[in-house]
Amino acid sequence: MRLSGNTLKHVLVAFLPCLPLFVVSVCAHSQVDVLTQHNDNSRTGVNLRETILTPANVNQNQFGMLFKRVVDDQIYTQPLVVTGVQVDGGMRDLVYVTTVNNSVYAFDANDVEASLPVWHVNFGTPANLHSENFGCLDINGQMGIIGTPVIDKERGVLYVVALTRAGAINGPRTGFTQRLHALDLATGADMPESPVTISAPDFNALMQNQRPALMLANGMVYIGYASHCDKDPYHGFLMTYDAKTLAQVSVFNTSPTGSEASIWQSGQGPAADQDGNVYVATGNGSWDGVKNFSESFLKLTPGLKLVDWFTPTNHLTLDKEDADLNSSGPTLIPGTHLVLGGGKEGVLYTLDTRNFGHFGDEHALQHFQATVSHLHSLVYWQSAHTGNLLYVWGQRDKAKVYKLEGEKLGETPLMMRDVPNEGHPGAMLSLSANGNKDGILWAAIHATGDSWHESRPGFCTPTMEMTYATNYGTRYSFRRATIVENTPRWLRLQSRTGWFILQVLARKM
């Protein structure tokens, strides 16, 4: 049976990887796309064009299994959605999925019987956790595609970075290459200029983990880098490539005369404001306030010149205790000069993008203990009923909502869930709403235990401004939900004898 606007008007799509969960949705008639991680370059995690899903109809009785799809390995990235792609003479809505086995899939988003992908490409053998003695299992197995791609719908291009075994092994940490691919949305074929090899001084393809989502801004593709298990040598890199030619434009190293200071952000991409300025946060490593900037918020020009920075007073303690400042990544508040972010310490910082103030907590507009431990996900929404709201659900803590008034958040939660979650990493969040009403917060979270180095049973909780509804079974760790208009379909990842099953659940109309 083929789905249409008459048979299934709303489908919510989610792919559950081993690290981050993300939910997306599509509709053949709504023309709503998900082209980047967490919906926009501000990284608000909000879709404001939801007209069908409401707190009244999102419940256990209206969701059920719809279909399954099989991919070749784990998914660490957020699936993306493009509506109205011209394929074989017709228009189709496609969901794009990547795996750590260096595969990219395009699935039909509406056809229950279309079990095979519209197209599937593979870039070759990836590195894996045994390619180097990393010292921990931050990734379960292959390490091919880790960062969420980004899509230019106007040009019909998907940009993705793959880590591949390539070339001769001439010593330790050699024989691997990272390449930026620009793929045709309709066919998966490399565009004429694609791929290009990623390189920079002190850049090692095996040691640098392309964890943050890619970003498309200022006519360029932005690519950020972290590490595997904090294993040296590595640096925090941010690079730009011309979106049309794929020529490298600029490289920014967060620790050029030191080491480390990764741009990790739990997979969240860099943020960009309306003027094209770029924002990232860094983790452990070297700091001197001159060239090396670990444990810091950074503001850069579109061409990656550092123009401002903020480092908290206790950055040395954060570095010593592996309490990365950048576990949530920066979130820009639309219509303001505010950027928010926090880290493993659970402290939330509010900064003025016009003046970061450099070193010392006194230069932040605000900082307070927003959650008891790791803070991995922020969502911002303007509610007609309640005002400007920031949603957090930290590790081993209760879900909380803080109200933004002026330039500061009320430090006492406006709303709070009664029961805390049990483990790492807390909840990964997104929100759907019809403008400023009918908001539903989507939280992907473990049912039990931690996600340290493994997938665990979990559930997705839909909520309306913290009014809780029913739990849905999933497996996940580090997952974010992103909801798009007029199509509720939910996919979850399971491992069965080496294969990975995407289970799709949809609203029954």
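The values are calculated or read from the model by the stated rules, or taken from the named source; none is laboratory data. Given the structure is predicted, the values throughout are model-derived calculations rather than measurements. Don't worry about glycine lacking a Cβ; one is built from the backbone with ideal geometry, like all the others, and counts go over all protein chains shown. Each accessible area value is taken on the protein alone, full model and side chains, heavy atoms only, with ligands, DNA and RNA left out. Shrake-Rupley method; radii C 1.70, N 1.55, O 1.52, S 1.80 Å.
Anything in segment 304-339 that is under 20 Å from Glu407 (Cα atoms), aliphatic (A, V, I, L, M) and surrounded by fewer than 24 Cβ atoms within 10 Å (Cβ to Cβ)? List them, or say none.
Ile333, Leu338 - these are the residues of segment 304-339 that are under 20 Å from Glu407 (Cα atoms), aliphatic (A, V, I, L, M) and surrounded by fewer than 24 Cβ atoms within 10 Å (Cβ to Cβ).
Suppose the filter is assigned to a strand (DSSP E or B), modelled with pLDDT of 85 or more and closer than 27 Å to Ser377 by Cβ; does Val100 pass it? Spell out the reasoning first.
Numbers: assigned to a strand (DSSP E or B): no; modelled with pLDDT of 85 or more: yes; closer than 27 Å to Ser377 by Cβ: yes.
The answer is no for Val100.
Of these, Asp138, Asp190, which one is in contact (Cβ under 8 Å) with a residue 24 or more places away in the chain and among the acidic types (Asp, Glu)? Don't jump to the end; show me each part of the working.
On the way: Asp190 fails: in contact (Cβ under 8 Å) with a residue 24 or more places away in the chain.
Checking each option against the conditions leaves just Asp138.
Since Pro212 meets every condition but one in (1) farther than 21 Å from Gly141 by Cα; (2) touching a helix residue (DSSP H, G or I) at 6+ places or on another chain (Cβ under 8 Å), which condition does it not meet?
(1)
Which residues, counting only those in segment 190-225, are in contact with a Gly (Cβ under 7 Å, 6 or more places away or on another chain) and closer than 21 Å to Gly124 by Cβ?
Gln210, Arg211, Leu214, Tyr225
Quick check on segment 259-275. Is at least one of its residues under 23 Å from Asp40 (Cα atoms), more than 20 Å from the chain's Cα centre (by Cα) and not in a loop (DSSP other than H, G, I, E, B)?
From segment 259-275, those under 23 Å from Asp40 (Cα atoms) are 262-275; that's our starting set.
With the extra rule that they be more than 20 Å from the chain's Cα centre (by Cα), the set shrinks to 274-275.
Those left that are additionally not in a loop (DSSP other than H, G, I, E, B): none.
No, because not a single residue in segment 259-275 is under 23 Å from Asp40 (Cα atoms), more than 20 Å from the chain's Cα centre (by Cα) and not in a loop (DSSP other than H, G, I, E, B).
Please give the number of the condition Glu193 fails out of (1) outside any strand (DSSP E or B); (2) crowded, with 18+ Cβ neighbours inside 10 Å; (3) of a type outside the set (Val, Ile, Thr).
(2)
Being over 10 Å from Tyr391 (Cβ atoms) and surrounded by 24 or more Cβ atoms within 10 Å (Cβ to Cβ) is the filter here; which residues of segment 428-439 pass it? Even if it seems obvious, please write down each step before you answer.
First pass over segment 428-439, keeping only residues over 10 Å from Tyr391 (Cβ atoms): 428, 432-438.
Answer for segment 428-439, where residues must be over 10 Å from Tyr391 (Cβ atoms) and surrounded by 24 or more Cβ atoms within 10 Å (Cβ to Cβ): Met428, Ser432, Ala433.
Mind listing whichever residues of segment 107-156 are within 26 Å of Met215 (Cβ to Cβ) and either in contact with a Pro (Cβ under 7 Å, 6 or more places away or on another chain) or of a type in the set (D, E, K, R) (or both)?
Phe107, Asp138, Gln142, Met143, Gly144, Gly147, Asp152, Lys153, Glu154, Arg155
In the list Glu154, Glu113, which residue meets the criterion of being open to solvent by 10 Å² or more (accessible area, probe 1.4 Å), in contact (Cβ under 8 Å) with a residue 12 or more places away in the chain and either in a strand (DSSP E or B) or acidic (Asp, Glu) (or both)?
Numbers: Glu154 fails: in contact (Cβ under 8 Å) with a residue 12 or more places away in the chain.
Exactly one of Glu154, Glu113 is open to solvent by 10 Å² or more (accessible area, probe 1.4 Å), in contact (Cβ under 8 Å) with a residue 12 or more places away in the chain and either in a strand (DSSP E or B) or acidic (Asp, Glu) (or both), namely Glu113.
For Val249, indicate whether it is outside any loop (DSSP other than H, G, I, E, B) and open to solvent by 10 Å² or more (accessible area, probe 1.4 Å).
Working: outside any loop (DSSP other than H, G, I, E, B): yes; open to solvent by 10 Å² or more (accessible area, probe 1.4 Å): yes.
Yes; evaluated as a whole, the condition is true for this residue.
Regarding segment 80-96, can at least one residue be identified that is open to solvent by less than 30 Å² (accessible area, probe 1.4 Å) and outside any strand (DSSP E or B)?
First pass over segment 80-96, keeping only residues open to solvent by less than 30 Å² (accessible area, probe 1.4 Å): 80-85, 87, 90, 93-96.
Subset that is outside any strand (DSSP E or B): none.
No, segment 80-96 contains no residue that is open to solvent by less than 30 Å² (accessible area, probe 1.4 Å) and outside any strand (DSSP E or B).
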